[in-house]
Structure formats: structure tokens, C-alpha cells
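**Q** Before anything else, here's the structure in question.
The values are calculated or read from the model by the stated rules, or taken from the named source; none is laboratory data. Being a predicted model, the structure only gives us computed values, none of them experimental. Don't worry about glycine lacking a Cβ; one is built from the backbone with ideal geometry, like all the others, and counts go over all protein chains shown.
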Amino acid sequence: MNARMKSAALAAGAAAVVSVTAAAPAFALQGAAEDQATVTVLHAVPGLTVDVYAGDDELIPDFKPGTLTDPMKLDAGSYDIKIFPDGEGPDGTPAIEKTVDVPAGANATLVAHLTADGDPALDAFVNDTSKVPAGQARLTVRHVAAAPAVDVRADGTPVFKDLVNPKEAKGDVAAGTVSADVVLAGTDTVAIGPADLNLAEGTNTVVYAWGSADDKNLALKTQTLKGMHSAPGGVPAGESGQAAAHNEGLPLGAISLGALSALGVAGVLVRLRATAR
């Protein structure tokens with residue numbers, strides 16, 4: 001990675017901000033306190049390690065590419081986030097400093113990654129924690145790699161087609177283990193995988209395709225959201241729109257491309273306010 005990209009990646013680096021409107025608590029992690037938010041961070045910029053601070057407290061030390069944090073329960077409020085090159089905080093000069101508004105009830109994953117053209121970017125994805133029908137699991141795929149459009153295959157059959165960076169696709173499928181790989185859209189040219197995915201009942205398995213095709217370091221990262229079981233024979237209540245459409249027990253090969261869950265979708269707004277030094 002050249003110096004320009006490293007500098008820009010550090011500026012985008014790891015965790016910035018997610019602010020959710022009043023509609024977003026429908027996606028909140030079950031059991032989360034009303035005055036807290038649940039935030040997970042994925043570092044998907046190859047070749048750069050950073051330390052992330054909240055004020056003078058180290059929040060994420062030695063944050064390495066390919067690392068997904070555990071879900072963090074944060075009290076609602078504003079945080080002064082400082083991102084340093086590894087080992088240079090907290091007394092040094094941060095490469096970036098942002099005031100972060102953390103709203104109550106949010107459940108999101110923040111992803112620092114590369115665009116399709118290889119430039120650093122930051123996107124926030126809403127995690128769908130709505131109920132999953134009995135006997136099924138939810139599969140979500142997010143394209144955050146410096147790579148062209150791809151098809152995602154399960155057991156050799158394309159299930160998500162023409163997925164582009166930074167979009168996602170998702171669907172509810174029969175629980176079980178599938179062999180997944182990523183191919184260039186419309187071809188059989190494998191870019192990532194294959195890898196076995198254990199799609200456990202009542203979970204949302206989120207698969208991230210990340211890295212750089214040019215640098216030949218494309219990889220998969222998985223995130224598992226639990227606790228979305230439905231009672232056998234029951235019908236999940238309180239769902240509408242896209243979530244309900246994905247709860248119809250679609251066969252794995254019939255899943256259609258899902259909508260983008262990124263900045264500005266499902267009430268998610270990312271607000272970055274640089275703090276004057």
C-alpha cells in the first residue's frame with residue numbers, strides 16, 4: 001500500500017460514527033439497555049495497524065486488518081474518538097479526531113475498507129436482528145473489497161448475483177452447512193474461497209468479502225448475530241417491508257439481491273464532526 005493510501009486509510013480507519021433515527025430501535029440487539037447502543041467494528045483496510053481511543057482511554061489497541069471487535073455496549077452520548085498509528089497514543093498527535101454521537105438503541109457494524117477502486121472508505125451497516133423463521137437461518141453478504149462486481153455461490157450455485165462494493169444482499173435459508181465461494185460476476189472464476197459456513201438456526205451469519213484483488217489478498221470475514229429464533233410453527237410478529245419479504249422460507253438458490261444497508265439507509269446517518277485542535 002502506498003503512502004497516499006496509508007494516510008487516507010488512517011483517516012478512514014476503524015471506527016467513526018453512527019447516528020440512528022427513531023425508526024432504528026427495531027433493529028436493536030435483543031436485551032440491549034434502552035440507554036445504550038451496540039456497536040461492532042471491522043478493520044478491513046489491508047496493511048495498516050492502528051490504536052483507537054475514546055478520549056484518553058484506549059478503546060481498540062493494536063487494531064489489525066481483518067479484525068472484528070466483539071459487540072461493544074456503549075452508553076448513549078458523545079465520544080471524542082482519536083485514531084493513532086499503532087503505539088503513538090495517547091500523548092502524540094492523533095492522525096484523526098472525531099466527535100462521535102452514539103444514540104441509544106443502535107445496532108450496527110462500522111467497516112473501514114477499500115472501495116472498488118482501492119480507495120479507503122467507511123460505511124455503516126444496520127444489522128438485521130429481526131426474528132428468523134423456525135428451522136431457518138439468515139445469510140448476509142457484504143462486498144467491501146477492492147474488486148469488481150461478484151456473484152456469491154453456495155454449493156456451486158449462485159445465490160447473490162452482481163453484488164458491488166459497498167452493497168449487501170441477504171436472505172433467510174434452511175439452517176445447515178454450505179460451501180460458499182465468491183466468483184467474478186457472470187463467470188466461474190473464483191476470487192475467494194471456497195469456505196464452509198455453518199448457518200445455525202436463528203442466527204444471522206454476515207460474510208464480508210474484503211481486501212484487494214490487485215494485491216491478491218482477498219479474504220472472507222464472518223460475523224454471527226444470535227438469538228433470533230422463532231417458535232416452531234410460529235409467525236414472527238411486527239415485521240414489514242424488506243424484513244418480512246425475507247421471511248418466506250425461500251430456497252437457497254432463489255434468494256434475490258437485497259437492498260443496501262449503509263449510510264442513509266434504514267435511518268442510519270453517519271455524522272463525522274472534526275474537532276478543532
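**Q** Out of curiosity, is PRO166 outside the structural domain of LYS64 (by TED's automatic domain parsing) and either buried (at least 22 other Cβ atoms within 10 Å of the Cβ) or not charged (D, E, K, R) (or both)?
**A** On the way: outside the structural domain of LYS64 (by TED's automatic domain parsing): yes; either buried (at least 22 other Cβ atoms within 10 Å of the Cβ) or not charged (D, E, K, R) (or both): yes.
It is true that PRO166 is outside the structural domain of LYS64 (by TED's automatic domain parsing) and either buried (at least 22 other Cβ atoms within 10 Å of the Cβ) or not charged (D, E, K, R) (or both).
**Q** Another question about this same structure. ALA254: under 28 Å from ALA147 (Cα atoms), loosely packed, with under 14 Cβ neighbours inside 10 Å and at pLDDT below 50, yes or no?
**A** Working: under 28 Å from ALA147 (Cα atoms): yes; loosely packed, with under 14 Cβ neighbours inside 10 Å: yes; at pLDDT below 50: yes.
Yes.
**Q** Which of the residues spanning segment 53-65 are in contact with a Pro (Cβ under 8 Å, 6 or more places away or on another chain) and surrounded by 15 or more Cβ atoms within 10 Å (Cβ to Cβ)?
**A** Those that are in contact with a Pro (Cβ under 8 Å, 6 or more places away or on another chain) and surrounded by 15 or more Cβ atoms within 10 Å (Cβ to Cβ): TYR53, GLU58, PRO65.
**Q** If you check ASP151, ASP128, ASP117, which single one turns out to be without any contact (Cβ under 8 Å) to a residue 40 or more places away in the chain and outside any strand (DSSP E or B)? Please lay out each step first, then the result.
**A** Values: ASP151 fails: outside any strand (DSSP E or B); ASP128 fails: without any contact (Cβ under 8 Å) to a residue 40 or more places away in the chain.
Answer to the check: ASP117.
**Q** Please go through (1) at pLDDT 95 or above; (2) not small (Gly, Ala, Ser); (3) not in a loop (DSSP other than H, G, I, E, B) for ASN217 and return the number of the only condition it doesn't satisfy.
**A** For ASN217, the exception is condition (3).
**Q** Restricting the first residue to segment 33-47 and requiring it to be within 26 Å of ALA147 (Cα to Cα), which pairs with a second residue that is at pLDDT below 85 and among the charged types (D, E, K, R) meet a Cβ separation below 9 Å and a spacing of at least six or different chains?
**A** Partner pairs satisfying both residue conditions: VAL45/LYS6; GLY47/LYS6.
**Q** Go over the candidates GLY227, GLY193 one by one and state the one that is in a strand (DSSP E or B), at pLDDT below 95 and not assigned by TED's automatic domain parsing to the domain that holds LEU68. Working first, answer last.
**A** On the way: GLY227 fails: in a strand (DSSP E or B).
After applying the criteria, what remains is GLY193.
The rows are residues; the columns are (1) of a type outside the set (Asp, Glu); (2) over 22 Å from THR67 (Cα atoms); (3) surrounded by 21 or more Cβ atoms within 10 Å (Cβ to Cβ).
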{"site": "ALA108", "(1), (2), (3)": "yes, no, yes"}
{"site": "THR115", "(1), (2), (3)": "yes, no, no"}
{"site": "LYS131", "(1), (2), (3)": "yes, yes, yes"}
{"site": "GLN136", "(1), (2), (3)": "yes, yes, yes"}
{"site": "PRO148", "(1), (2), (3)": "yes, yes, no"}
{"site": "ARG153", "(1), (2), (3)": "yes, yes, yes"}
{"site": "LYS161", "(1), (2), (3)": "yes, yes, no"}
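**Q** With the structure loaded, tell me whether THR177 is assigned to a loop (DSSP other than H, G, I, E, B), among the hydroxyl-bearing types (Ser, Thr, Tyr), out of contact with any helix residue (DSSP H, G or I) (no Cβ under 9 Å at 6 or more places or on another chain) and not assigned by TED's automatic domain parsing to the domain that holds PRO71 or whether it fails that test. Explain how you work it out, then say what you get.
**A** Values: assigned to a loop (DSSP other than H, G, I, E, B): no; among the hydroxyl-bearing types (Ser, Thr, Tyr): yes; out of contact with any helix residue (DSSP H, G or I) (no Cβ under 9 Å at 6 or more places or on another chain): yes; not assigned by TED's automatic domain parsing to the domain that holds PRO71: yes.
The answer is no for THR177.
**Q** If ASN198 satisfies all but one of (1) more than 15 Å from the chain's Cα centre (by Cα); (2) under 19 Å from LEU68 (Cα atoms); (3) touching a residue at least 60 places away in the same chain (Cβ under 8 Å); (4) surrounded by fewer than 22 Cβ atoms within 10 Å (Cβ to Cβ), what's the number of the condition it fails?
**A** If we test ASN198 against (1) more than 15 Å from the chain's Cα centre (by Cα); (2) under 19 Å from LEU68 (Cα atoms); (3) touching a residue at least 60 places away in the same chain (Cβ under 8 Å); (4) surrounded by fewer than 22 Cβ atoms within 10 Å (Cβ to Cβ), just (3) comes out false.
**Q** Within segment 83-92, can one find any residue that is part of a strand (DSSP E or B), without any contact (Cβ under 8 Å) to a residue 40 or more places away in the chain and outside the structural domain of LEU184 (by TED's automatic domain parsing)? Working first, answer last.
**A** Narrowing segment 83-92 to residues part of a strand (DSSP E or B): 83-85.
With without any contact (Cβ under 8 Å) to a residue 40 or more places away in the chain added as a condition, the list becomes 84.
Checking the rest, the ones that are also outside the structural domain of LEU184 (by TED's automatic domain parsing) come to 84.
Scanning segment 83-92 turns up at least one residue that is part of a strand (DSSP E or B), without any contact (Cβ under 8 Å) to a residue 40 or more places away in the chain and outside the structural domain of LEU184 (by TED's automatic domain parsing).
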